[in-house]
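Data first, discussion second: the structure below is written as structure tokens.
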Amino acid sequence: MLVSEIFKSIQGESTFAGLPCVFVRLAGCNLSCSWCDTPYARVPDEAIEMTIAEVFEEVGGFECPLVEITGGEPLLQEEALELAVELLESGHRVLIETNGSVPLSRVDPRVVKIVDVKCPSSGHAGSFLMENLEHISAEDELKFVIGSREDYDSAVRFLEEFLMGRTQKVLFAPVRTALSPAELSGWILKDGLRVRLQLQLHSYIWPGERGR
Ligand code: SF4
């Protein structure tokens, strides 16, 4: 598999935020979001080729029960599915963070999926694969990265029209350079939304550092 980096850090996003977590960042992505914070992971030239066994061994060395497979877009690589199963079988809690545009149907149901729904300011509104809704369970999380009022309104519309109670775990994350957490929080409170404000914890602990 094509790996961008493997490291242990504090989980900065999702309902697992704050917990120690090993990240397996796979290289390559089918999108190019305007605010992408891991552009280096989209460039396969900077990645290294590793076998599933090698990745498994490196992850095991951290002795950490929580592992996230991320990217780039991890589900572009077939091996990500097998790696997830091996990690599950060895007792890890496994998260997969995906951009929502790639089928989720073959992901092991024990994996917690953290699934983006891209908003207009990303440049990829409409990239979410609607059939993926069938594979969102109550344990999975839907994430909206919001950079403007237009993004916010589109996220709210999506929840009203399509979520249908599939999960209560909905994350609204402001684009750090475009929207203040206070403004987004104000909208959420005013509208009485049952969503979770998400700030990227790692970017406050280690601003701008790669591999964190
Ligand atoms: S899907 Fe993720 S990795 Fe790909 S361009 Fe968007 S933010 Fe970057």
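The numbers here are math on the coordinates, done by the rules we state, and not lab data. Fair warning: this is a prediction, and the values are worked out from it, not measured in the lab. Cβ: placed from backbone, ideal geometry, glycine included. Neighbour counts: every protein chain shown.
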* GluC sites (Glu not before Pro) within the stretch 1-78: which are DSSP loop residues with at most 16 other Cβ atoms inside 10 Å? -> Glu63, Glu78
* Asked: Any idea what % of Cα-Cα pairs in the stretch 85-174 are farther than 18 Å?
  -> 42
* Structure fact -> Taking every alpha carbon pair in the stretch 32-96 and sorting the distances into 5 angstrom bins from 0 up to the bin holding the longest one, the percent per bin comes out as 3, 15, 25, 25, 17, 10, 4, 0
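Helix-only estimate, please: 222 nm mean residue ellipticity of the chain, summing -39500 (n - 2.57) across DSSP H runs of length 4 or more and dividing by its residues, to the nearest 500. Walk me through the intermediate numbers first.
Details: 5 runs with 46 residues, N = 212.
Using -39500 (n - 2.57) per qualifying helix, the result is -6000 deg cm²/dmol.
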* Per the Kirkwood formula on distinct C-alpha pairs, the Rh of the chain is how many angstrom? -> 17.4
* Gap separating the Cα centres of the stretch 172-196 and the stretch 41-112, nearest whole Å -> 30
* Structure fact -> By Cβ neighbour count within 10 Å, fewest first, Thr51, Thr98, Thr167 rank Thr51, Thr167, Thr98
* Give the relative contact order (percent, whole number) for the chain; include only Cα pairs under 8 Å separated by 6+ residues. => 19
* Using Cα positions and a limit of under 25 Å, work out the lysines in reach of Lys113, with same-chain residues fewer than 8 apart set aside. => Lys8, Lys143, Lys169
* Structure fact -> For the chain, the dipole about the Cα centre with charges only on Cβ (Lys and Arg +1, Asp and Glu -1), to the nearest 20 debye, works out at 860
